[in-house]
Amino acid sequence: MNENKHPTDALLAQYAAGDMPEGASLAIAAHLNFCPVCRAKVAEYEAMFGGVMAAEPQMAEAPPAELLDRLDEVEDAPTRIVAQGPLPRALANHIGMDFDSIPWKFRLPGVMEYEFIDANGEKASLLKVRPGAAVPQHTHEAEELTVVFDGLLEDGGARYGIGDFAMADQSVDHQPQAGGDRTCVCLAVVTGGLTFTGRFSRALNLFS
């Protein structure tokens, strides 16, 4: 896990360039909501990429009239403000429902999940983990990005609080758990799937 609790500069640059899958982009945006240091870095990357684009010759092309009509409809449509709970506003609006209305599903004792992205090899879920509860020990086929919104997440001696960002890859075999005395609410974005390695791993891998 990345114990500095921030995305890498490479991830921030990828986000600024707009070259990132939906779930990963949401994870970075969620962290930026809490972190002025990373927001400043993203602004620098955006300015740099904007300068490169401005230096390249652009072909002027008028958008189709029907596309302009659709954009006008979106702008004129009323927006319902959702009750975001501990979630950043942008993430709550992306999910599109009040936090208290989220249809959580039981995954393990003390662990509830709401999966809202499952496409192109990427899964994004909100998790609620009661204090002391843990997800099964596992490693990764690719990457797992996590952002904490409430409570405390403990993993391999590191403690992640509100707004903190964690990243794990194939080199990490871990079992995150909720610490403190509050339910941990977090976003987990996984690419490539998980491989369970602890107790009951054979059975868990059959159903993963």
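Structure data summary
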read-out	value
Region 87-143, accessible area per residue, ligands and nucleic acids excluded (1.4 Å, Å²)	51 Å²
Within the accessible area of region 149-194 (1.4 Å probe), percent carbon and sulfur	45 percent
Calculated FRET value between Arg39 and Leu108, using beta carbons and R₀ = 41 Å, to 0.05	0.75
Solvent exposure, largest accessible area first (probe 1.4 Å, DNA, RNA and ligands not counted), of Met48, Met112	Met48, Met112
Accessible area in the full protein assembly, largest first, 1.4 Å probe, for Asp150, Asp155, Asp9	Asp9, Asp150, Asp155
Global form of region 139-198, assessed from the alpha-carbon gyration tensor, a/c cut-off 1.5	prolate
Distance between modelled label sites at Asn4 and Asp181, nm, 7 Å Cα→Cβ extension	3.5 nm
Amide H within-cut-off set for Phe149, under 5 Å, with H built and near neighbours excluded	Gly163, Val185, Cys186, Leu187
Computed label-point distance, nm, for sites Ala158 and Ile81 using a 7 Å Cα→Cβ extension	3.6 nm
Accessible-area ranking of Glu115, Glu141, largest first, probe 1.4 Å	Glu141, Glu115
Most to least packed among 11-20, 92-101 [average Cβ atoms within 10 Å]	11-20, 92-101
Solvent accessible area, Å² - Lys128, 1.4 Å probe, full protein context	60 Å²
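The values are calculated or read from the model by the stated rules, or taken from the named source; none is laboratory data. Remember, predicted model here, so these are calculated numbers, not experimental data. FYI the Cβ positions are ideal-geometry reconstructions off the backbone, even for glycines, and counts take in every protein chain you see. Protein only, heavy atoms only, side chains kept; ligands, DNA and RNA dropped before computing areas. Shrake-Rupley method; radii C 1.70, N 1.55, O 1.52, S 1.80 Å.
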